[in-house]
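**Q** Got a structure here, written out as structure tokens. Questions coming.
The values are calculated or read from the model by the stated rules, or taken from the named source; none is laboratory data. Quantities reported herein were computed from a predicted structural model and do not represent experimental measurements. Please note: Cβ atoms are built from the backbone with ideal geometry, for glycine as well, and neighbour counts cover all protein chains shown. Each accessible area value is taken on the protein alone, full model and side chains, heavy atoms only, with ligands, DNA and RNA left out. Shrake-Rupley method; radii C 1.70, N 1.55, O 1.52, S 1.80 Å.
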Amino acid sequence: MRNQFASDNYAGICPEAWQAMAEANRGYATSYGDDLWTEKACLKLRELFETACEVFFVFNGTAANSLALASLCKSYHSIVCHEMAHVETDECGAAEFFSNGTKLLLVSGANGKIDLDAVEHTVKKRADIHYPKPRVLSITQSTELGTVYSLDELRSIGETARRHGLHLHMDGSRFANAVASLTASPAEVTWKAGVDVLCFGGTKNGFAVGEAVIFFNRELAREFDYRCKQAGQLASKMRFLAAPWIGSLESGAWLRHAAHANAMAQKLADGLTSIPGVRIMFPPQANAVFLELPPAQIAALHAKGWHFYTFIGSGGARFMCSWETTVEDVEDLVRDVRETAVG
Ligand SMILES: *Cc1c(COP(=O)(O)O)cnc(C)c1O
């Protein structure tokens with residue numbers, strides 16, 4: 001298959017992750033996370049975040065998010081998140097399922113970012129026993145619409161959460177893209193702004209599989225290992241979920257690949273701006289470009305063999321760049337968008 005823009009998870013495994021898996025594949029090792037690779041990966045993540053966080057490795061983002069959220073609340077609580085949050089729109093109710101019924105309370109906000117006035121309103125409008133008690137604020141960084149919360153915005157979010165006694169969860173499926181975009185430290189983007197737990201994505205940034213659940217508030221990690229096991233998320237050959245983190249962090253690949261994906265999205269956006277009838281819907285601050293395209297042009301691009309989704313976010317056509325996207329891929333797509341332009 002040619003390189004596509006449907007999702008960053010269409011891309012393969014980056015050399016650094018692949019190499020680390022090969023190294024972890026030399027002979028026997030203890031199982032269920034009781035091995036040297038897992039220990040080292042945890043250490044590397046603690047170094048990266050400059051704090052003694054609790055780290056767990058799970059298979060995918062849905063598990064990371066829903067198990068992390070479940071550990072932050074009880075079934076009668078509620079989780080405040082953006083109406084376009086992945087946990088709301090793309091996880092098949094997993095957060096509600098794993099928390100035994102915790103309700104998601106949706107708020108709006110421009111460009112995929114929660115509006116803090118809307119959060120305040122949702123949290124404060126009821127304080128009686130009939131309303132599910134707000135307990136968690138969940139944000140996505142970078143967002144589902146390819147935007148990035150600034151450090152100031154994150155600090156305000158953290159402050160709002162603290163004021164209302166809410167735990168703060170960050171869906172960081174594309175956390176690396178956000179860090180690359182902000183040129184801030186991972187610590188600043190998370191616990192220094194008040195984030196209690198981060199789901200740090202590996203898959204979309206060049207791993208075969210795996211996300212790290214990172215508790216900065218270590219109290220909240222209590223018995224999380226049992227939760228993972230019960231949910232079928234305790235890998236017996238854990239070293240293969242852990243090793244890619246070592247390879248990727250030691251080489252700096254995690255940030256380099258994310259910065260590359262962001263740069264490709266920027267190049268794509270630059271190439272598309274002048275095309276008549278094509279509108280870029282949100283500021284491309286990470287590795288996504290959303291386009292408003294006439295239906296005929298969407299069909300024409302599909303006919304030319306391009307895969308892309310049109311149901312994500314507010315219905316635009318989404319183009320994602322990855323660590324593997326090349327300049328030629330971007331030029332090919334720009335050419336085809338230009339050729340199929342109706343305007
Ligand atoms: C891809 C993605 C996830 C994880 O999805 P899985 O398919 O379960 O790995 C989580 N959050 C966001 C915002 C995503 O884009």
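**Q** List the number of the failed condition for Gly12; all other conditions in (1) in a loop (DSSP other than H, G, I, E, B); (2) over 19 Å from Gly206 (Cβ atoms) hold.
**A** (2)
**Q** Based on this model, can you work out whether Ser181 counts as open to solvent by 30 Å² or more (accessible area, probe 1.4 Å), away from the ligand (no atom under 16 Å from the Cβ) and farther than 15 Å from Ile79 by Cα?
**A** Taking the combined requirement at face value, the residue does not satisfy it.
**Q** Among the residues in segment 213-224, are any farther than 28 Å from Met281 by Cβ, open to solvent by less than 10 Å² (accessible area, probe 1.4 Å), under 12 Å from the mean Cα position of the chain (by Cα) and modelled with pLDDT of 95 or more?
**A** Within segment 213-224, one or more residues are farther than 28 Å from Met281 by Cβ, open to solvent by less than 10 Å² (accessible area, probe 1.4 Å), under 12 Å from the mean Cα position of the chain (by Cα) and modelled with pLDDT of 95 or more.
**Q** Something else: Would segment 204-211 turn up any residue that is in a helix (DSSP H, G or I) and of a type outside the set (Phe, Trp, Tyr)?
**A** Within segment 204-211, one or more residues are in a helix (DSSP H, G or I) and of a type outside the set (Phe, Trp, Tyr).
**Q** Enumerate the pairs (first residue in segment 261-276 and without any contact (Cβ under 8 Å) to a residue 60 or more places away in the chain and farther than 17 Å from Gln4 by Cβ; second residue anywhere and crowded, with 20+ Cβ neighbours inside 10 Å and of a type in the set (Val, Ile, Thr)) with beta-carbon separation below 8 Å, excluding pairs fewer than 6 apart on the same chain, so at least 6 apart or on different chains.
**A** Ala269/Val289
**Q** In segment 247-263, what residues are surrounded by fewer than 24 Cβ atoms within 10 Å (Cβ to Cβ) and not hydroxyl-bearing (Ser, Thr, Tyr)?
**A** Hits for segment 247-263 are Leu249, Glu250, Gly252, Ala253, Leu255, Arg256, Ala259, His260, Ala263.
**Q** Say we look at segment 269-322 and pick out the residues that are in a loop (DSSP other than H, G, I, E, B) and of a type in the set (A, V, I, L, M); which of these is surrounded by the most Cβ atoms within 10 Å (Cβ to Cβ)?
**A** Per the stated criteria, the residue is Ala286.
**Q** So which strands (runs of 3 or more DSSP E) stay within segment 29-112 end to end and still have 3 or more residues that are touching a Cys at 6+ places or on another chain (Cβ under 8 Å) and away from the ligand (no atom under 13 Å from the Cβ)?
**A** Answer list for segment 29-112: 103-107.
**Q** Considering each of Ala212, Ala187, Ala208 in turn, give the residue that is within 16 Å of the ligand (Cβ to nearest atom) and under 13 Å from Leu45 (Cβ atoms).
**A** Ala212 is the lone residue from the list that is within 16 Å of the ligand (Cβ to nearest atom) and under 13 Å from Leu45 (Cβ atoms).
**Q** Among the numbered conditions (1) in contact with a strand residue (DSSP E or B) (Cβ under 9 Å, 6 or more places away or on another chain); (2) away from the ligand (no atom under 16 Å from the Cβ); (3) small (Gly, Ala, Ser); (4) not assigned by TED's automatic domain parsing to the domain that holds Asn25, tell me where Ala242 comes up short.
**A** Unmet for Ala242, out of (1) in contact with a strand residue (DSSP E or B) (Cβ under 9 Å, 6 or more places away or on another chain); (2) away from the ligand (no atom under 16 Å from the Cβ); (3) small (Gly, Ala, Ser); (4) not assigned by TED's automatic domain parsing to the domain that holds Asn25: (4).
**Q** Return the total of residues in segment 79-109 being under 20 Å from Glu159 (Cα atoms) and either more than 21 Å from the chain's Cα centre (by Cα) or open to solvent by 30 Å² or more (accessible area, probe 1.4 Å) (or both).
**A** Qualifying residue count for the region: 2.
**Q** Taking Thr160, is it open to solvent by less than 30 Å² (accessible area, probe 1.4 Å) and over 17 Å from the mean Cα position of the chain (by Cα)?
**A** Here the answer is yes, as Thr160 does meet what is asked.
Conditions tested, residue by residue: (1) out of contact with any strand residue (DSSP E or B) (no Cβ under 9 Å at 6 or more places or on another chain); (2) not hydrophobic (A, V, I, L, M, F, W, C).
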position	(1), (2)
Phe5	no, no
Asn9	no, yes
Cys42	no, no
Ala52	yes, no
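**Q** Continuing with the same structure: Filter segment 110-130 down to residues that are open to solvent by less than 60 Å² (accessible area, probe 1.4 Å) and touching a strand residue (DSSP E or B) at 6+ places or on another chain (Cβ under 8 Å) and give me whichever is nearest to Ala184 (Cα to Cα).
**A** Lys113
**Q** Looking at (1) open to solvent by 10 Å² or more (accessible area, probe 1.4 Å); (2) touching a residue at least 24 places away in the same chain (Cβ under 8 Å), which is the one condition that is false for Val189?
**A** (1)
**Q** Considering each of Phe215, Phe200 in turn, give the residue that is touching a residue at least 40 places away in the same chain (Cβ under 8 Å), farther than 13 Å from Gln141 by Cα and of a type outside the set (Gly, Ala, Ser).
**A** When all the criteria are applied, what remains is Phe215.
**Q** Kindly provide the set of residues from segment 229-246 that are of a type outside the set (A, V, I, L, M, F, W, C) and within 20 Å of the chain's Cα centre (by Cα), ordered by number.
**A** Scanning segment 229-246 gives Gln233, Pro244.
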